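First comes the structure, then the notes that go with it.
Only the coordinates and a few stated rules stand behind these numbers; no lab work does. Because the structure is predicted, anything quoted here is derived from the model rather than measured. Virtual Cβ from ideal backbone geometry, glycine too; neighbours counted across all protein chains shown.
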Ligand SMILES: [Zn+2]
């Protein structure tokens, strides 16, 4: 099947993914803010943050709770990483809806676009066959 990819500043993203995410993300209220860490559950075995902690029950045997355990997020549209330190992460601020993050470019250019299809048509695109 042939897929169309759009060249965004942080990488190439499938056009259908952009369309779906934008129509979904438009439903939330977003606020530009500096990225901040959130509590996370750390897998004791691998010592990595596997879940955002939202007050859910967890097994102390397998997980520990760290207040600032969540080290970065990814833009919902282009997947660019958003984190605290400009040395480690591409973006240090973005739009936040209380749960998800969107990078500035994707929010301002795509989510806020009056006509998304027009906007997408301006951006460079290419086709790629994906064999599954
Ligand atoms: Zn983005």
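The angle between the Cα long axis of helix 15-25 and the longest principal axis of the Cα atoms of the chain comes to about 60 degrees, rounded to the nearest 10.
Based on DSSP H segments of at least four residues, each scored -39500 (n - 2.57), the chain has a per-residue ellipticity at 222 nm of -4000 deg cm²/dmol. Placing pseudo-labels 7 Å out from each Cα toward the beta carbon at residue 65 and residue 15 gives an inter-label distance of 4.7 nm. Per-peptide packing, taken as the mean over residues of other Cβ atoms within 10 Å, places 31-38, 65-72 in the sequence 65-72, 31-38 from highest down. When peptides 106-112, 24-30 are ranked by their average number of other Cβ atoms within 10 Å per residue, the highest-first order is 106-112, 24-30.
Evaluate the range 1-63: find the radius of gyration of its Cα atoms, find its Kirkwood radius, and give the ratio Rg to Rh. Radius of gyration relative to Kirkwood radius: 1.13. Comparing Cα centroids, the range 80-132 and the range 1-73 end up 14 angstrom apart.
The residue 7 and residue 113 beta-carbon pair, evaluated with R₀ = 22 Å, returns a calculated FRET efficiency of approximately 0.85. Quotient of the Cα radius of gyration of the chain and 2.2 N^0.38 Å, N being its number of residues: 1.21.
Scaling against 2.2 N^0.38 Å puts the C-alpha radius of gyration of the range 63-132 at 1.42.
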